[in-house]
Amino acid sequence: GDGISDLEDPFDLTPSSSLLSPGPFTAGTKDLTFNSPRGYEITLQVWYPSIEKSGSKVIYNNVLPGLALDDTTPDCSEPRPVSIYSHGFPSIRWGSAFLMENLATHGFISIAPDHRYGTLLDADPDKLGEILLSMPLDIRESFDWLIDQNNDEGELSNCIIEENGYSVIGQSTGGYASMMVSGAEISLSDLESGCADDNSSEFLQLIHCNAIDFWSSNYELNDSLSINDDRVWASILLSPWNGTVLDRGISNVLVPTLVLTGDVDDTTVISEVNNTSMRLGGNLVNYGIFNNSGHYAFAP
């Protein structure tokens, strides 16, 4: 009854509901870890429609009270759309839990990895170049993990359709990571210029030099670096920071993109977000600016 033919609608059993209010499902969540092919554990937060309708509400890391029911059973009575959330620096996987919980009430499975050396628990500014090149891989590997769970016999078995891919949502530095998996490219010449720019701050120089070092250790030093994931079908950028390593390469984003920011954001200032939006060109679907709103409206 939602006006979309069930023959075309991959989520034909999901009731039609307004995204302006909680949806018809009860949100559940759990945290777990998986082993990255890069040799370390990644902690994930997973949100989903829950089979249970009552239970204990989550307290994320025993710090932030949430609205989702903790450690409940996912409802996989039909395939679910997927979103992946990328947090900023320094933040944590549940930085925008209110948004992920709301998506779960509308039938989404949302997953969010902790980005190593970039969380509130292990932040290391000296590794920011490494962090920037690792974040897109965290996103890609998180979806790979979900595919493995989908094909296994556990609680998330037959919960998604792999070919449907995922949407990506990124706040601050997570916006940079979202652009990278959506097709943006880093120019080696831009990094080299930033590393050698004595007129720039020592911090920004460190980011560019550290990124080159990590790039040369893990990839071939070509003219540009792409960490695109062609399974991404849409991107939402929340007060996006381009990591100071993206500029012209933003124009290589391949998917429809929504940008949201605040007019009193003094971390990613309006001029920077305007530049990002202009670089997106025809892939910018909409650009919303919230009045009297700052950087942490999206990750309180």
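Confirm whether Pro81 is surrounded by fewer than 21 Cβ atoms within 10 Å (Cβ to Cβ) and farther than 21 Å from Gly165 by Cβ.
Here the answer is no, as Pro81 does not meet what is asked.
List the residue pairs whose Cβ atoms are under 9 Å apart, where the first residue sits in the range 17-38 and is farther than 22 Å from Thr72 by Cβ and touching a residue at least 60 places away in the same chain (Cβ under 8 Å), the second is open to solvent by 50 Å² or more (accessible area, probe 1.4 Å) and not in a loop (DSSP other than H, G, I, E, B), and the two are 6 or more positions apart or on different chains.
Pro37/Asp144; Arg38/Asn218
Filter the helices (runs of 4 or more DSSP H) completely within the range 161-253 down to those with at least 1 residues that are surrounded by fewer than 19 Cβ atoms within 10 Å (Cβ to Cβ).
Of the helices (runs of 4 or more DSSP H) lying wholly inside the range 161-253, those with at least 1 residues that are surrounded by fewer than 19 Cβ atoms within 10 Å (Cβ to Cβ) span 188-196, 202-218.
Across the range 136-160, what is the total count of residues that are within 11 Å of Val232 (Cβ to Cβ) and either open to solvent by less than 10 Å² (accessible area, probe 1.4 Å) or in contact with a Leu (Cβ under 6 Å, 6 or more places away or on another chain) (or both)?
Count: 3.
Since Ser277 meets every condition but one in (1) in contact with a helix residue (DSSP H, G or I) (Cβ under 8 Å, 6 or more places away or on another chain); (2) without any contact (Cβ under 8 Å) to a residue 60 or more places away in the chain, which condition does it not meet?
For Ser277, the failing item is (1).
Kindly provide the set of residues from the range 50-72 that are part of a loop (DSSP other than H, G, I, E, B), surrounded by fewer than 11 Cβ atoms within 10 Å (Cβ to Cβ) and under 24 Å from the mean Cα position of the chain (by Cα), ordered by number.
Once the filter is applied, which keeps residues that are part of a loop (DSSP other than H, G, I, E, B), surrounded by fewer than 11 Cβ atoms within 10 Å (Cβ to Cβ) and under 24 Å from the mean Cα position of the chain (by Cα), the range 50-72 yields Asn62, Val63.
Determine which single condition Ala27 fails, assuming it passes every other condition in (1) of a type in the set (Gly, Ala, Ser); (2) touching a Leu at 6+ places or on another chain (Cβ under 7 Å); (3) open to solvent by 90 Å² or more (accessible area, probe 1.4 Å).
The single condition Ala27 does not satisfy is (3).
What's the number of the only condition in (1) small (Gly, Ala, Ser); (2) in contact with a Ser or Thr (Cβ under 8 Å, 6 or more places away or on another chain); (3) modelled with pLDDT under 95 that Ala234 fails to meet?
If we test Ala234 against (1) small (Gly, Ala, Ser); (2) in contact with a Ser or Thr (Cβ under 8 Å, 6 or more places away or on another chain); (3) modelled with pLDDT under 95, just (3) comes out false.
The values are calculated or read from the model by the stated rules, or taken from the named source; none is laboratory data. Predicted model only: the values in this text are computed from it and were never measured. Neighbour counts are summed over all protein chains in view; Cβ atoms, including those assigned to glycine, are modelled from backbone coordinates with ideal geometry. The area values use the complete protein model at the heavy-atom level, side chains included, leaving out ligands, DNA and RNA. Shrake-Rupley method; radii C 1.70, N 1.55, O 1.52, S 1.80 Å.
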